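The values are calculated or read from the model by the stated rules, or taken from the named source; none is laboratory data. Computed from a predicted model, the values in this text were never measured in an experiment. Methodologically, a virtual Cβ is constructed for each residue, glycine included, from the backbone with ideal geometry; neighbour enumeration extends over all protein chains shown.
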Ligand SMILES: Cc1cc2nc3c(=O)[nH]c(=O)nc-3n(C[C@H](O)[C@H](O)[C@H](O)COP(=O)(O)OP(=O)(O)OC[C@H]3O[C@@H](n4cnc5c(N)ncnc54)[C@H](O)[C@@H]3O)c2cc1C
């Protein structure tokens, strides 16, 4: 999607947090051509839910752990690299970001073999951990009781160019669809700010644009009837397999009920 005549090339993005908002953001970014790494420092809080009943498209609800698995599969298929690792430090550095990642996803900084990733942009979606943002002066953090939120504008922008926040961490309602939508919205703001040519992430039937004498806009794709049927069959097979048997995992307990009694 890079047009050397009219726009910038997509850059490297680190998404901190592979939950609802982060995976949704990552999917949009990777599909727009960004080199996208999604880091998970643990599991999504959604895995504590018993049965997810308010996500559009699932009239009788859906197992939230299956839904979370499918979010991961979709992000990978969209082109994201999903990695385990907890972001424990972040430093803006001359137009780039140095992201310190602890491979120990148990929480805190193990002091072990932490790695540093370099990115052009960072999208923080790491509910409920804002600690790695604390040392950055231009990032506003709002402490409310035991929770901390990142102060962002309508596009999820923080006070640091190239640094964004999405989902519950950015103060959005504690609802799956809201956080997924916000992840997408913030990703679109990042794409717009980067000046990568982009119209909409759309798949349209063959001729939708071109039969009207228009070029297929950047971000869009036209597919013919054969390809449309092939994709439909593939999507049916993927979903049939995913829904064939009940999910094996039980809901994750609240940390205060676990053996460690954490949080
Ligand atoms: C018991 C329960 C039931 C719920 N039921 C519903 C429901 O029925 N309907 C509904 O709409 N919503 C429900 N929710 C809310 C929904 O799960 C959340 O609003 C949603 O998951 C928030 O998305 P998020 O991406 O902001 O956070 P999350 O999905 O929690 O994702 C955050 C991710 O960031 C990771 N992370 C944290 N710190 C770091 C770090 N330093 N580095 C890297 N990664 C990090 C976390 O491990 C996690 O993977 C429920 C929540 C709970 C607890």
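Observations, loosely collected:
- Checked against the criterion of being surrounded by fewer than 22 Cβ atoms within 10 Å (Cβ to Cβ) and either near the ligand (Cβ under 8 Å from one of its atoms) or more than 18 Å from residue 165 (Cβ to Cβ) (or both), the candidates 77, 100, 91 yield just one match: 77.
- Residue 7 modelled with pLDDT of 95 or more, more than 28 Å from residue 234 (Cα to Cα) and surrounded by fewer than 21 Cβ atoms within 10 Å (Cβ to Cβ): no
- Enumerated strands (runs of 3 or more DSSP E) restricted to segment 141-218, each holding at least 1 residues that are within 17 Å of the chain's Cα centre (by Cα): 147-150, 163-165
- Scanning segment 134-188 for residues that are within 20 Å of residue 55 (Cα to Cα) and either free of Cβ contacts under 8 Å to residues at least 60 places away in the same chain or not assigned by TED's automatic domain parsing to the domain that holds residue 88 (or both) turns up 171, 173, 174, 178, 185.
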